[in-house]
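Below is one structure, written out as structure tokens; the observations come after it.
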Amino acid sequence: MKLAFLGATGTVTGSKYCVSHDGAAVLVDCGLFQGYKQLRLRNWAPLPLAAGSLASVVLTHAHIDHSGYLPLLVRQGFRGRVYCTRATQALCELLLRDSAHLQEEEAAYANRHGYSKHAPALPLFTRADVDAALRLVTAVDFDTDFSPAPGFTARLSYAGHILGAALVRVAAGQHSIQFSGDLGRPNDRIMRPPSIGEPADWLVLESTYGDRRHDSDDPLVTLGRIISRTVARGGAVIVPAFAVGRAQSLLYHLHLLKASGRLAPSVRAYLDSPLATDVTDVYVRHRRDHRLTAEQCRQMCDAARFVNTPDESRRLDATSWPIVIVAASGMATGGRVLHHLKRFAPDPKNTILLTGFQAGGTRGAALAAGAREIKIHGDYVPVRAEVASIENLSAHPDYVESLEWLAQFPRAPSRVFLTHGEPSAADSLRRRIEETLHWPCTVPDYLESYEP
Ligand SMILES: [Zn+2]
């Protein structure tokens with residue numbers, strides 16, 4: 001068996017791992033690179049292997065940095081199946097179509113306004129590419145063996161990170177590998193804690209927060225405080241949020257704040273993302289995959305008004321009373337939140353609230369680092385608004401939670417590969433695992449491969 005790292009090395013994006021054995025190969029995750037330009041440029045290059053030779057793809061979850069390269073893989077000749085959980089299939093349909101739509105729109109906008117260095121600006125992939133990829137998707141149940149290639153066995157188990165997220169175990173010949181994908185957390189208000197999965201020889205573990213502890217404050221209290229002080233000065237709270245997971249978590253927290261009287265019912269909240277609206281509906285339909293009851297799902301949906309048309313979205317920018325706008329994307333790399341940032345970032349009354357990991361090179365990371373201006377659609381926008389962040393809403397474990405998850409393993413893997421982390425985070429988690437559990441760890445480099 002051979003394991004090759006084609007992404008998520010030295011970065012949290014571009015997850016792609018190729019497992020090959022006896023002439024057959026399976027790709028675990030097929031994600032886009034995001035953030036720094038030198039990483040994003042990799043999305044435009046063909047994969048360093050023959051896409052047509054892959055037997056199948058197995059997805060851990062639907063986030064674009066784990067699924068967004070699928071349309072390009074199909075364009076390069078991949079014709080196998082794409083295995084994932086039912087909820088991941090439903091979310092991929094929404095996320096990939098939205099991603100293609102955004103790229104087509106951005107290319108058209110850049111061509112109209114002439115700010116692209118490329119003439120003409122092109123989308124990375126189109127809706128037609130996405131449709132071709134979606135036709136290959138086959139849903140499988142949690143905790144049920146399937147064969148992704150001749151001689152291979154695979155199994156998905158509950159990871160808790162977002163709806164549908166799975167640990168992926170792949171076995172072939174004498175060897176097995178467990179992929180954590182993105183792990184969830186032990187005490188999330190919506191998702192259940194990650195399972196342990198079956199023991200395996202190797203573990204490929206995410207290290208997003210490998211060098212950090214999450215704030216121990218209840219995110220409900222922090223969120224209430226940030227909104228209240230912004231409302232008191234007559235401002236708006238702009239929350240760039242991932243459409244999957246974070247948006248639903250924010251809605252549910254807004255409901256809890258209003259229900260407990262910590263937020264006045266008169267404070268209007270808007271979910272300005274047709275994608276997040278559709279995703280919320282998938283959460284309601286896949287109730288067995290999370291903690292919320294039917295009643296709690298209804299409360300989550302009632303916590304904000306759902307904004308549909310671009311006109312309604314623009315009207316929010318004319319608002320002068322205190323409001324909360326939750327809009328995609330989570331790292332402010334695109335989506336409707338950009339228009340709201342243009343409008344609200346220059347005014348110190350307002351707050352920009354970051355609620356998740358901000359990958360290096362994104363506008364979100366620049367805001368978190370205290371940038372006084374950010375570039376949007378070719379213009380520099382001054383940032384005078386308060387910039388706040390809540391890390392404890394994160395859908396990823398901190399290093400203590402990761403170590404606690406590992407400590408439950410019935411037997412130690414012979415090696416742990418740490419991926420999906422910036423270099424300092426991956427190395428820090430490596431040191432902690434080696435010191436506390438004495439498991440050998442490796443932080444692989446881009447395109448490196450290993451054999452047992
Ligand atoms: Zn994820």
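Couple of notes before you dig in:
- Global form of region 197-236, assessed from the alpha-carbon gyration tensor, a/c cut-off 1.5: prolate
- Rg(Cα)/(2.2 N^0.38 Å) for region 219-393, N = residue count: 0.97
- Each residue of region 432-441 was assigned a 3J(HN,Hα) from its phi angle through the Karplus expression (A = 6.51, B = -1.76, C = 1.60, θ = phi - 60°), giving 5, 5, 5, 6, 8, 9, 6, 8, x, 10 Hz with x at Gly and Pro.
- Each part gets one Cα centre, and for region 163-241 versus region 306-378 those centres are 23 Å apart.
- Positive-end extreme of charge dipole, region 219-393 - chosen from Ala368, Ser260, Gln296 (charges on Cβ): Ser260
- A cut-off of 5 Å between modelled amide H atoms, ignoring neighbours fewer than 5 places along the same chain, links Cys441 with Val416.
- Converting the Cα gyration tensor eigenvalues of the chain into ellipsoid dimensions via √(5λ) gives semi-axes, longest first, of 35, 25, 20 Å.
- 20 Å Cα-Cα reach of Lys349 towards aspartates and glutamates, excluding residues that sit fewer than 8 places from it in its own chain: Asp317, Glu373, Glu386
- Among Leu124, Ala425, Thr85 - extreme Cα towards positive end, dipole of the chain, charges at beta-carbon: Leu124
- Ordering Ile190, Ile162 from the fewest to the most neighbouring beta carbons within 10 Å gives Ile190, Ile162.
- Each of Ser180, Ser20 was scored by other Cβ atoms within 10 Å of its Cβ. Listed from fewest to most, they are Ser20, Ser180.
- Where trypsin sites (Lys or Arg not before Pro) fall in DSSP loop in region 232-288, at most 12 other Cβ within 10 Å: Arg233
- Proximal lysines to Lys342, defined as alpha-carbon separation beneath 25 angstrom and excluding residues fewer than eight positions away on the same chain: Lys37, Lys117, Lys375
- If you bin all the Cα-Cα distances of region 325-424 at 10 Å, starting from zero, the percentages per bin are 13, 40, 22, 15, 8, 1.
- Rel. contact order, % - alpha carbon contacts under 8 angstrom, at least six apart, the chain: 19 percent
- Charged side chains reduced to their Cβ positions (Lys and Arg at +1, Asp and Glu at -1) give region 219-393 a dipole of some 300 debye around its Cα centre.
- Anisotropy class of region 108-219 from Cα gyration tensor, a/c 1.5 cut: oblate
Only the coordinates and a few stated rules stand behind these numbers; no lab work does. Keep in mind that what you see is a predicted model, and the values were worked out from it rather than measured. We place every Cβ from the backbone using ideal geometry, glycine too, and count neighbours over all the protein chains shown.
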